[in-house]
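The values are calculated or read from the model by the stated rules, or taken from the named source; none is laboratory data. As the structure is a prediction and not an experimental result, all values here were calculated from the model. Cβ placement follows ideal geometry from the backbone for every residue including glycine, while neighbour counts extend to all protein chains displayed. Note: accessible area is taken over every heavy atom of the protein model, side chains too, but ligands, DNA and RNA are not part of it. Shrake-Rupley method; radii C 1.70, N 1.55, O 1.52, S 1.80 Å.
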Amino acid sequence: MAPLRPSSSLPAWAAANALFRRHRRLLPLLLPAASLRDILPVLSYSLVSGLAGNPFVASRLLLASSGLSLPFSLLLLSHLPASSLSPFSFNSLIRASPPGLALRLFDQMRRRGVPPDTYTLPFLIRACSGSDPPLCQSLHGQGFRLGYGCHLFTQTALMNMYFACGSVVAACRVFEEMPARDVVAWTGMVSGYVDSGMYLKAVEVFQEMRCADDLVWPNEATVVSVASACAGLGSLEYAKGLHSYVEKIGLERELIVRNTLVDMYGKCGGIESARGLFCLMQEKDLHSWTAMISVLASHGHGKEAVALFFSMLEAGVHPDSTTFIVVLSACSHAGLVDEGIHVFNTMESEYHVSPSIKHYGCMVDLFSRAGLIHRAYEFITSMPFEPNLEILGALLSACSINNELEIGELVLNKIESVCSYKGGAGVLLSNIYANQNLWQEVDTIRRKIKTEAIARKPPGQSLIATEVPYTSL
């Protein structure tokens, strides 16, 4: 029989595989399926020919179907003979399952006599990520009982799981117990601290990584996590230090790294550094443009941000939902009403992006900041969904600034009817009454606030950040 010809769509090993050379009707198992209908012919062939009893074929059938219909995969699993099942079969289903089902599959795996391999527990742990601490501890103990307690894949998954459930101390303990650490483990530790809001700790772990082992080098994911930590600290010194290190190890030419650096500089106040880096980028994707537009918008350069957006369109890059939010926000803060209306109107008609409540909120904010109170209220009434407190609050605040009593009362009534928490809406309306010397109405609404007929705003909190000690990244 003629050998299979390698192709870009088939894995390289398939051309030399004896099973696929003899049974070419199995080849669809190696290709992505669009629906279950695509899998049924090869499933029928496998059952009729008896190939479904082959552990490799059975595992490929389960893998192919698990991404399309988990219930169908479970039904198929229940009808496969035990001799055809392998750890790979169960691993494919466990990694695609929600926590409860993943645990039941793990239990079924053991009852049917299929031994877990080095990947089973990491897949199970990831499936249960975000669960409560007792389950995390139970899975941790299961790792030791199966002999994988000191296995790097298992330890990394356990560390990530502890971070996800808020057990930072337990995650650190697992990290410290690792006999060896690869770049995935180091990056997971940095990312875990970032997700927990412990940005300085994340930077310290990165510095430790650089000093610990010359054989472990950061990758793009590591740089993205460390850049998030620098942005969280708001430290321009740390940002410049990371940029220098990235240039030194040769990762700056990666597009995802450049995009991350632009975003980091913007969040650290280094707008000129962000602009310079963006201008030097020979290759730009949507994320590059969106990051730079966001940097300009957040630093009060609304007109330049909108101009850059139109330059992006001229370059043939199509915006997505996030890009439109950034641009509409820039229009709002720069008072570019006509430009904002044009951008909003072209979202769906030209770029097929359906406006969400965030886009509508940007438009209400745009009209409110421009003093177009009636236009803002009309826009809210035409929305295809109920406005939230953020949108109504922006309009009510504009009513307070512009002494628009009639619309202010309408907005407060809307807040009371659709929002369970009403924030400081009553205070804003009372300010409007006070500006118009309607003291009886002021007294009435203030009494309602004191009796908590209108929910009080939660007490504010202040954060005093101590100076961050700088050490070169």
*In this structure, is residue 137 modelled with pLDDT of 90 or more and open to solvent by 40 Å² or more (accessible area, probe 1.4 Å)?*
yes
*asked:* Condition check: surrounded by 16 or more Cβ atoms within 10 Å (Cβ to Cβ), modelled with pLDDT of 95 or more and more than 26 Å from residue 167 (Cβ to Cβ). Does residue 223 satisfy that?
replied: yes
*Where in segment 45-132 are there helices (runs of 4 or more DSSP H), lying wholly inside it, with at least 2 residues that are out of contact with any His (no Cβ under 9 Å at 6 or more places or on another chain), over 26 Å from residue 152 (Cβ atoms) and open to solvent by 20 Å² or more (accessible area, probe 1.4 Å)?*
55-66, 70-79, 99-111
*Restricting attention to segment 416-428, does a residue exist that is modelled with pLDDT under 80, open to solvent by less than 20 Å² (accessible area, probe 1.4 Å) and assigned to a helix (DSSP H, G or I)?*
yes
_What's the number of the only condition in (1) at pLDDT 95 or above; (2) surrounded by fewer than 19 Cβ atoms within 10 Å (Cβ to Cβ) that residue 324 fails to meet?_
(2)
*Flag for residue 38 being more than 30 Å from residue 170 (Cα to Cα) and among the acidic types (Asp, Glu)*: yes
*asked:* Out of everything in segment 208-219 that is part of a helix (DSSP H, G or I) and surrounded by 15 or more Cβ atoms within 10 Å (Cβ to Cβ), what residue ends up being modelled with the highest pLDDT?
replied: 209
*So residue 173, is it of a type in the set (Lys, Arg), under 24 Å from residue 129 (Cα atoms) and in contact with a helix residue (DSSP H, G or I) (Cβ under 8 Å, 6 or more places away or on another chain)*: no
*Among all residue pairs at least 6 apart or on different chains, which show Cβ distances below 9 Å where the first residue, located in segment 126-147, is of a type in the set (Asp, Glu) and the second is open to solvent by less than 50 Å² (accessible area, probe 1.4 Å)?*
132/165
*Got at least one residue in segment 25-35 being part of a helix (DSSP H, G or I), modelled with pLDDT of 70 or more, open to solvent by 90 Å² or more (accessible area, probe 1.4 Å) and closer than 26 Å to residue 73 by Cα?*
yes
*Exclusive hit being touching a residue at least 24 places away in the same chain (Cβ under 8 Å), charged (D, E, K, R) and farther than 21 Å from residue 320 by Cβ, set 284, 267, 201, 303*: 303
